[in-house]
Amino acid sequence: AERCAGDDARELCSAMGFLPAGAIAARRRAEVNELTATLRTDEAPPLRGVAQVGAALVRARKHDVLPGEQLRSVADSVEATGRVSAWFERRTESLALVAQHAQRLVPHPALAREIRRCFDPSGELADHASPELGRLRRRVAALRTDIQRRIDRILKAPRFEGILQDDYVTIRDERYVVPVRSGERGDFPGIVHGQSGSGATMFIEPEELIGPNNELRIAQLDVENEERRILTELSGRVRQHADDLESNADILTYLDLTCAAARLAVDLDMSLPDVTSARGGRFELRRARHPVLALRALAGELEVVPNDIVFDATAHVLVVSGPNTGGKTVTLKTVGLFSLMLRAGLLVPCALDAAIPEFERIFSDIGDEQAVEHDLSTFSGHVRNIARFLPECDAASMVLLDELFAGTDPEQGAALGRALLDELASRGCWVLVTTHLEQLKTLAFQDDRYACASMGFDVDRLEPTYRLRPGVPGSSYALRIARRLGLSPTVVERAADLVGETTSAAR
């Protein structure tokens, strides 16, 4: 939205949903990709100045008289249509897909020229908008000059000395009046039009000005009628072309949205991966970066670590383990966001040599669903969420499971986790799961439907590396972290002994 030129496109960004999987989403991605390639080496389409004209067209179709502001917005839109049409016309070879939309634009330069001709730089109707308007305005100016001359004479007349409250003139009810002391109003011939808040001053139209004021008001009405006639004529011309103008506005909004998506792709060095079928396609993200982290890196807030996220040919379930705050959830969300962005017709921040299936459905269980008011523990919240979407999972689905079945007995949680993953694997679902459960980390060594990976951790620095290591189950490093963070050596050593005993007993 920040990269859109016009308000219509910005509003569309806020309401934009996901496109149907298949040809429509593929066409949209191809258009964004095409324009992205152009923006890397060429100037952007001249979309600045595109104005909202929807309200003006509604009024024009109802035979309303459009105010000058709306007429000028129509002229802005018409001129933008011409600029954009010419820009794409010069690039039909390099923008074969996007230019097809621009070719449907119908410029009406004569309409824009006529509107511009009728207004001066300040936005008011110009004297030359019609021959009659200039003549009528000159008459109004002449009558004002005559009235001002008469008023000056009245203000300086000796017979009114001491009667006038001050030597100035004002306008009441569209007529020139002078301030007269309330106690002296009987000595000043004219028509009373009001008084001051204190009551000390009466505003009286001098008898001598009644005729000239009448002439001035009639002349002003003539000007207003001529201005309305001109606005009515211009509004009629807008109405004649309303269908074209509405279609142009829709096309410009779409092109603006497409250009904004391309600008984002250039800024974040995004690309279009090979989008494969979810049923048997490839999943190989290369140098993938979480989109929000990529935006923060663009702003200079941090450096983002790119990662390869790859599912083996036979494995549709990837189990990611590793230390807390090491990047497991970010990796999981990166996959989900990439899948959704592609369904929204966007590119994604990864290398060119990447491939990702187009999922028809994406299900997730992320975060803590604990809620006292709903009597939900962490564990029961996760179970309820998974139970809700499990019946819909199939080979065209991506399932994202964060810290699977945490919050309960580890042994039973691991058993439930294994059973759930086996069920999803049997349905052919694509699954990315993060876990600390040891029994789930090693599934890749027992079943070729599973693959494992882990987030790296520098044990000397006690810092995560945020690097995803394929084929290696990760450790939580809980004891080392606890020792480095200052937990009592006695407690840490006792914990190490207990871990050793548990491992021996398991063997």
Q.
Restricting to region 93-137, name every residue that is charged (D, E, K, R) and either more than 30 Å from the chain's Cα centre (by Cα) or buried (at least 18 other Cβ atoms within 10 Å of the Cβ) (or both).
A. Arg113, Glu114, Arg116, Arg117, Asp120, Glu124, Asp127, Glu132, Arg135, Arg137
Q: Scan region 452-507 residue by residue and report those that are modelled with pLDDT under 85, on the phi > 0 side of the Ramachandran plot and surrounded by 12 or more Cβ atoms within 10 Å (Cβ to Cβ).
A: Leu462, Tyr477
Q.
Can you list the helices (runs of 4 or more DSSP H) lying wholly within region 340-447 that have 3 or more residues being without any contact (Cβ under 8 Å) to a residue 40 or more places away in the chain and surrounded by fewer than 19 Cβ atoms within 10 Å (Cβ to Cβ)?
A. 378-389, 410-426
(Q) Tell me the residue from Ala51, Ala60 that is closer than 28 Å to Ser235 by Cβ and either among the acidic types (Asp, Glu) or open to solvent by 10 Å² or more (accessible area, probe 1.4 Å) (or both), please. (A) Ala51
Q. If you scan region 1-48, which residues turn out to be open to solvent by 50 Å² or more (accessible area, probe 1.4 Å), in a loop (DSSP other than H, G, I, E, B) and of a type in the set (A, V, I, L, M)?
A. Ala1, Met16
Q | Residue pairs meeting the criteria (Cβ under 6 Å; at least 6 apart or on separate chains; first more than 16 Å from Ser277 (Cβ to Cβ), in region 8-27; second part of a loop (DSSP other than H, G, I, E, B)) | A | Asp8/Gln52; Arg10/Ala1; Arg10/Cys4; Cys13/Ala1; Phe18/Ala344; Leu19/Gly345
Q. Restricting attention to region 49-93, which residues are more than 20 Å from Arg228 (Cβ to Cβ) and of a type in the set (Gly, Ala, Ser)?
A. Gly49, Ala51, Gly54, Ser77, Ala80, Gly82, Ser85, Ala86
Q. So which residues in region 131-178 are of a type in the set (S, T, N, Q) and modelled with pLDDT of 85 or more, if there are any at all?
A. Thr145, Gln148
Q: Tell me, please, whether a residue that is farther than 30 Å from Arg279 by Cα, assigned to a helix (DSSP H, G or I) and out of contact with any strand residue (DSSP E or B) (no Cβ under 6 Å at 6 or more places or on another chain) can be found in region 471-478.
A: yes
Q: Select from region 262-317 the residues that are in a strand (DSSP E or B), surrounded by 15 or more Cβ atoms within 10 Å (Cβ to Cβ) and in contact with a Pro (Cβ under 9 Å, 6 or more places away or on another chain) and list them in ascending order.
A: Ser271, Val275, Thr276, Glu284, Leu285, Arg286, Arg287, Ala288, Asp308, Ile309, Val310
Q: Taking the residues in region 8-21 that are at pLDDT 90 or above and out of contact with any helix residue (DSSP H, G or I) (no Cβ under 8 Å at 6 or more places or on another chain) as candidates, determine which candidate is farthest from Ala265 (Cα to Cα).
A: Pro20
Q. Residue check: is Leu268 at pLDDT 95 or above and touching a Cys at 6+ places or on another chain (Cβ under 9 Å)?
A. no
**Q.** Of residues in region 429-459 being within 40 Å of the chain's Cα centre (by Cα) and aliphatic (A, V, I, L, M), the one farthest from Ala478 (Cα to Cα)
**A.** Val431
Q | Within region 167-248, strands (runs of 3 or more DSSP E) holding 2 or more residues that are surrounded by 15 or more Cβ atoms within 10 Å (Cβ to Cβ) | A | 175-181, 190-195, 201-206
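The values are calculated or read from the model by the stated rules, or taken from the named source; none is laboratory data. The structure displayed is predicted, hence computed values, not measured ones. Every residue, glycine as well, gets a Cβ built from its backbone with ideal geometry; the counts of neighbours run over all protein chains shown. Ligands, DNA and RNA are excluded from the accessible area calculation, which covers all protein heavy atoms including side chains. Shrake-Rupley method; radii C 1.70, N 1.55, O 1.52, S 1.80 Å.
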